[in-house]
Amino acid sequence: MLHVFFMSFFVNYLSKRKINFAGMLYLKRNELVSNIFKNDHIFKAELRGLIIGHFTLEEYKDYQPMATEANRRILTMSKERLLSVFIENNKNFT
């Protein structure tokens with residue numbers, strides 16, 4: 001359900017930072033995404049908030065006791081999603 005919103009969030013991130021992602025080679029794209037997920041704490045916090053904000057009350061109650069592990073998994077799955085959609089499938093970035 002969040003796929004299109006998530007992809008738009010990433011495209012907006014690139015646009016704000018004036019990053020020409022479409023003009024990059026495959027390895028550079030992969031490196032950029034990895035660096036974003038490693039170093040940009042604001043991006044990661046906003047991304048987690050975007051996903052957690054769509055939880056139902058029951059999902060949130062299940063999330064709370066394992067928040068640290070769930071946050072790590074959210075970021076890992078998000079990174080993999082970006083890599084598979086924007087890099088491996090060579091999708092448009094606008």
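The values are calculated or read from the model by the stated rules, or taken from the named source; none is laboratory data. Only a predicted model underlies this, so the values are computations on that prediction, with no experimental measurement involved. Each accessible area value is taken on the protein alone, full model and side chains, heavy atoms only, with ligands, DNA and RNA left out. Shrake-Rupley method; radii C 1.70, N 1.55, O 1.52, S 1.80 Å.
Over the chain, consider all pairs of different Cα atoms and compute the Kirkwood hydrodynamic radius from their mean reciprocal separation; express it in Å, one decimal.
Values: mean 1/r = 0.0710 Å⁻¹.
Evaluated on the chain, it is 14.1 Å.
For the range 41-90, with every protein chain kept in place, what is the accessible area per residue (1.4 Å probe, Å²)? Kindly include the intermediate steps, with their values, before the conclusion.
On the way: 3310 Å² over 50 residues.
Here the residues of the range 41-90 average 66 Å² of exposed surface.
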Check your understanding: Which percent of the accessible heavy-atom area of the chain goes to carbon and sulfur, probe 1.4 angstrom?
Key -> 55
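Expressed in nm to one decimal, what extension gain is obtained for the pair residue 45 and residue 3 from 0.36 nm per residue of sequence separation less their Cα-Cα distance?
Working: separation 42, 0.36 × 42 = 15.12 nm, distance 1.76 nm.
Using 0.36 nm per residue and subtracting the Cα-Cα distance, I get 13.4 nm.
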Point to revise | Helix-only CD estimate at 222 nm, as mean residue ellipticity for the chain, using -39500 (n - 2.57) per DSSP H run (n ≥ 4) | key: -21000 deg cm²/dmol
